[in-house]
């Protein structure tokens with residue numbers, strides 16, 4: 001039941017349609033107008049690219065800094081960036097693929113010694129034949145083709161949440177993960193909740209953010225309403241509610 005409620009709370013359309021529904025139900029004309037006005041105002045608010053850009057940046061601002069000038073034993077790449085295409089026998093990337101590409105780049109630069117992949121859709125293994133299934137061997141072949149030796153890749157293939165990512169990665173690597181310097185690589189909007197989950201397991205990696213909002217030279221500020229802003233709000237609300245759930249239920 002709590003998950004069902006939390007799901008609706010992450011939907012910006014829920015906040016837009018709720019006063020609209022109330023306005024359709026009530027009979028008082030003045031109350032109807034107020035409800036419709038609130039619904040219109042919320043629609044403009046949630047479809048504004050500029051507003052959600054500012055909120056996102058404030059959410060990850062403290063992590064938006066250059067990587068520390070040191071080497072890390074482990075670079076932990078959190079999943080969500082790909083799935084395995086069984087029909088074509090290849091990896092398929094999503095729009096947050098730079099979680100992995102940045103991990104690979106940092107490995108190639110010598111910043112990290114071991115690339116730790118934390119339960120992405122392309123490598124996840126279920127206990128039965130039901131549900132999503134990845135292909136760890138296929139992904140390993142993909143990485144070796146890019147020049148990364150198998151001994152430098154660690155795959156955590158069981159987790160289904162960020163909290164499980166932290167717990168299962170610690171189980172897989174052991175206390176070495178607490179003692180050696182590590183870097184947590186994930187999307188900017190996801191970093192706050194991810195660090196909290198790892199901290200709750202006694203792990204304190206340095207943050208490295210990807211998928212940041214960025215300015216394109218020659219392109220003006222986005223002011224017109226956009227449906228993509230609704231999607232961005234969905235992501236932010238998911239992270240915001242998830243963060244406070246982790247903090248409260250710790």
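Just to be sure, is residue 60 assigned to a helix (DSSP H, G or I), touching a residue at least 40 places away in the same chain (Cβ under 8 Å), touching a strand residue (DSSP E or B) at 6+ places or on another chain (Cβ under 9 Å) and surrounded by 18 or more Cβ atoms within 10 Å (Cβ to Cβ)?
Criteria met by residue 60.
If I go through region 168-183 residue by residue, how many of them are surrounded by fewer than 23 Cβ atoms within 10 Å (Cβ to Cβ) and within 11 Å of residue 119 (Cβ to Cβ)?
Selection size over region 168-183: 2.
Would you point out the residue of region 178-193, among those that are closer than 28 Å to residue 241 by Cα and part of a helix (DSSP H, G or I), that is farthest from the chain's Cα centre (by Cα)?
Here the residue is 178.
Filtering region 1-19 down to residues that are buried (at least 17 other Cβ atoms within 10 Å of the Cβ) and either in contact with a strand residue (DSSP E or B) (Cβ under 7 Å, 6 or more places away or on another chain) or over 17 Å from residue 225 (Cβ atoms) (or both), which residue is modelled with the lowest pLDDT?
10
The values are calculated or read from the model by the stated rules, or taken from the named source; none is laboratory data. On a predicted model such as this, the values are computed, not experimentally measured, just so you know. Positions of Cβ are backbone-derived with ideal geometry, glycine not excepted, and every protein chain shown enters the neighbour counts.
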